[in-house]
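One structure below.
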Amino acid sequence: MTANLLDFDLEGLAAFCERLGHKRFRAVQLFRWIHQKGVARFEEMTDLARDLRERLPAVAHVRGLPVLAEQVSADGTIKWLFDVGDGNAVEAVYIPEDDRGTLCVSSQAGCAVGCRFCSTGHQGFSRNLTTGEIIAQLWYAEHTLRRRLKTTERVISNVVMMGMGEPLQNYHALVPALRVMLDDHGYGLSRRRVTVSTSGVVPMMERLAQDCPVALAVSLHAPDDALRDQLVPLNRKYPLDELLDACQRYLPAAPRDFITFEYCMLDGINDTPQHADALIALLRGRGGRGVPCKLNLIPFNPFPASGLRRSPREVVKAFADRLNAAGIVTTIRKTRGDDIDAACGQLAGDVLDRTRAAQRLAHRRIEVAPVRVAHPVRAKEGTV
């Protein structure tokens, strides 16, 4: 069986080349051809030694993922459906903006966390993606867009691991993929422009801080454990106190001086003034050791199986105003690509579920309890 060179970060590729009797600089050349130039055919890699070019086809290949479908939104967002075999398909989304191009990348075929408001969670879980399957989404998108735009300049400036799956539950494949994204011989992305989104896998957050610290986004979605247990089941294993402590520990290694918290706005579930006050108390409390953060409010993107509704626009704005007045920098995410089901929480792909997620979630109701604020919050005590 030949090796897919998309599975290797530079250190792995150097070790592979050494096994073939070639020095590290050959691996650097090969790495650049693959990732900077998007070349998959070894005979086109003209500065490689001839004996290496002739040897490689027998032991290696560069193989991306078959594209099953492409959809383009009215706002320019592009969604690709990639075949990862065995009846599974994953989605990646490119979001063009004036000052950046962002690619949302999947890390798993499905997701085992089962967040109530996420379409991927309702699909269930099949398997982890390999490093090569994660990188193949970026490799295809970057070089396809360059050809279409007739440019040799980098098109994708930001990568967010916010597609299908919980990235930190696929840690062994995630970290080499991040290293390829960051490597100057690869895609050369800044650590500030590569974001891992997690629902709160605390031990892996701590490992990421040591192994490959990039920007971190934490899916919060509730101001207390009782509600978060229902919305984000992983909270039962790693409750809010543990999660926020892990966020504090991550910050010294982080490329930014704050954590981004994601908060999906659900009508009548987590969007009242009382919820806002409880959230302020949570993020500013902890004995005066509030977590330096920015809060990103996400209008819920409905799908039939959820049984949930999007908070009205005026409710979302009032919620944001309340948080900003308390000194917590809060933004409302602009919904992109919702006409092609490419918006946050809508990625579902096609997954052979091994977890019976649909049956389990169909019988789970959200019980809304009265919200208690831990202590009074004054709106003008400074910033988080």
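The values are calculated or read from the model by the stated rules, or taken from the named source; none is laboratory data. Just so it is clear, the model here is predicted, and its values are computed rather than measured. Please note: Cβ atoms are built from the backbone with ideal geometry, for glycine as well, and neighbour counts cover all protein chains shown.
State which residue pairs qualify: first residue assigned by TED's automatic domain parsing to the domain that holds Leu178 and inside the range 153-167, second residue of a type in the set (Asp, Glu) and in a loop (DSSP other than H, G, I, E, B) in any location, beta carbons under 9 Å apart, and separation of 6 or more residues or different chains.
Once the first residue is assigned by TED's automatic domain parsing to the domain that holds Leu178 and sits in the range 153-167, its partners that are of a type in the set (Asp, Glu) and in a loop (DSSP other than H, G, I, E, B) give Ser157/Asp99.
Looking at the range 252-267, which of its residues are surrounded by 18 or more Cβ atoms within 10 Å (Cβ to Cβ) and more than 18 Å from the chain's Cα centre (by Cα)?
Matches in the range 252-267: Met265, Leu266.
Farther than 20 Å from Tyr140 by Cα and surrounded by fewer than 18 Cβ atoms within 10 Å (Cβ to Cβ), is that true of Arg63?
Working: farther than 20 Å from Tyr140 by Cα: no; surrounded by fewer than 18 Cβ atoms within 10 Å (Cβ to Cβ): yes.
In short, no.
Considering only residues of the range 284-299 that are touching a helix residue (DSSP H, G or I) at 6+ places or on another chain (Cβ under 8 Å) and not in a strand (DSSP E or B), which is modelled with the highest pLDDT?
Kept after step one, since they are touching a helix residue (DSSP H, G or I) at 6+ places or on another chain (Cβ under 8 Å), are these residues of the range 284-299: 286, 289-293, 295, 297, 299.
Then keep just the ones that are not in a strand (DSSP E or B); that gives 286, 289-292.
Values: Arg286: 57, Arg289: 62, Gly290: 83, Val291: 90, Pro292: 94.
Filtering first and then ranking leaves Pro292.
Take Gly114 and tell me if it is at pLDDT below 95 and touching a Pro at 6+ places or on another chain (Cβ under 6 Å).
Working: at pLDDT below 95: yes; touching a Pro at 6+ places or on another chain (Cβ under 6 Å): yes.
It is true that Gly114 is at pLDDT below 95 and touching a Pro at 6+ places or on another chain (Cβ under 6 Å).
Looking at the structure I just gave you, is Gly163 at pLDDT below 95 and in a loop (DSSP other than H, G, I, E, B)?
Working: at pLDDT below 95: yes; in a loop (DSSP other than H, G, I, E, B): yes.
So Gly163 fits the description; yes.
Could you list, in sequence order, all residues of the range 94-118 that are crowded, with 23+ Cβ neighbours inside 10 Å, small (Gly, Ala, Ser) and at negative phi?
The answer is Ser106, Ser107, Ala109.
Just one of (1) of a type outside the set (Lys, Arg); (2) outside any strand (DSSP E or B); (3) touching a residue at least 24 places away in the same chain (Cβ under 8 Å) trips up Leu103, so point out which.
Exception for Leu103: condition (2).
Any residue that is in a loop (DSSP other than H, G, I, E, B), of a type in the set (Val, Ile, Thr) and either in the same structural domain as Ala325 (by TED's automatic domain parsing) or within 30 Å of Asp183 (Cβ to Cβ) (or both) - is there at least one of those in the range 228-237?
Taking the range 228-237 first, the residues in a loop (DSSP other than H, G, I, E, B) are 232, 237.
Going one step further and asking which of them are of a type in the set (Val, Ile, Thr), we end up with 232.
With either in the same structural domain as Ala325 (by TED's automatic domain parsing) or within 30 Å of Asp183 (Cβ to Cβ) (or both) added as a condition, the list becomes 232.
Yes, the range 228-237 contains a residue that is in a loop (DSSP other than H, G, I, E, B), of a type in the set (Val, Ile, Thr) and either in the same structural domain as Ala325 (by TED's automatic domain parsing) or within 30 Å of Asp183 (Cβ to Cβ) (or both).
So, of the residues in the range 186-243 that are among the charged types (D, E, K, R), surrounded by fewer than 21 Cβ atoms within 10 Å (Cβ to Cβ) and closer than 22 Å to Phe117 by Cα, which turns out to be farthest from the chain's Cα centre (by Cα)? Walk me through how you get there before you give the answer.
First pass over the range 186-243, keeping only residues among the charged types (D, E, K, R): 191-193, 206-207, 211, 224-225, 228-229, 236-237, 241-242.
Adding the requirement that they be surrounded by fewer than 21 Cβ atoms within 10 Å (Cβ to Cβ) leaves 191-193, 206-207, 211, 225, 229, 236-237, 241-242.
Then keep just the ones that are closer than 22 Å to Phe117 by Cα; that gives 225, 229, 236-237.
Values: Asp225: 23, Asp229: 21, Arg236: 22, Lys237: 21 Å.
This residue is Asp225.
Looking at Glu54, Glu70, Glu91, which one is loosely packed, with under 13 Cβ neighbours inside 10 Å and assigned to a strand (DSSP E or B)?
Numbers: Glu54 fails: assigned to a strand (DSSP E or B); Glu91 fails: loosely packed, with under 13 Cβ neighbours inside 10 Å.
Criteria check complete, one pass: Glu70.
Is it true that Ala246 is surrounded by 17 or more Cβ atoms within 10 Å (Cβ to Cβ), part of a loop (DSSP other than H, G, I, E, B) and either touching a strand residue (DSSP E or B) at 6+ places or on another chain (Cβ under 8 Å) or touching a residue at least 40 places away in the same chain (Cβ under 8 Å) (or both)? Spell out how you get there, then give the answer.
Working: surrounded by 17 or more Cβ atoms within 10 Å (Cβ to Cβ): yes; part of a loop (DSSP other than H, G, I, E, B): no; either touching a strand residue (DSSP E or B) at 6+ places or on another chain (Cβ under 8 Å) or touching a residue at least 40 places away in the same chain (Cβ under 8 Å) (or both): yes.
Criteria not met by Ala246.
What number of residues within the range 1-31 are touching a His at 6+ places or on another chain (Cβ under 8 Å) and surrounded by 14 or more Cβ atoms within 10 Å (Cβ to Cβ)?
Final tally of qualifying residues: 6.
Take Ala173 and tell me if it is part of a helix (DSSP H, G or I), surrounded by 18 or more Cβ atoms within 10 Å (Cβ to Cβ) and assigned by TED's automatic domain parsing to the domain that holds Val232. Explain how you work it out, then say what you get.
Working: part of a helix (DSSP H, G or I): yes; surrounded by 18 or more Cβ atoms within 10 Å (Cβ to Cβ): yes; assigned by TED's automatic domain parsing to the domain that holds Val232: yes.
Criteria met by Ala173.
So for the range 255-268 (the condition being within 26 Å of Arg193 (Cα to Cα) and assigned to a helix (DSSP H, G or I)), does at least one residue qualify? Outline the logic, then answer.
Taking the range 255-268 and keeping what is within 26 Å of Arg193 (Cα to Cα), we get 255-265.
Then drop every residue that is not assigned to a helix (DSSP H, G or I), which leaves none.
Checked the range 255-268: no residue is within 26 Å of Arg193 (Cα to Cα) and assigned to a helix (DSSP H, G or I).
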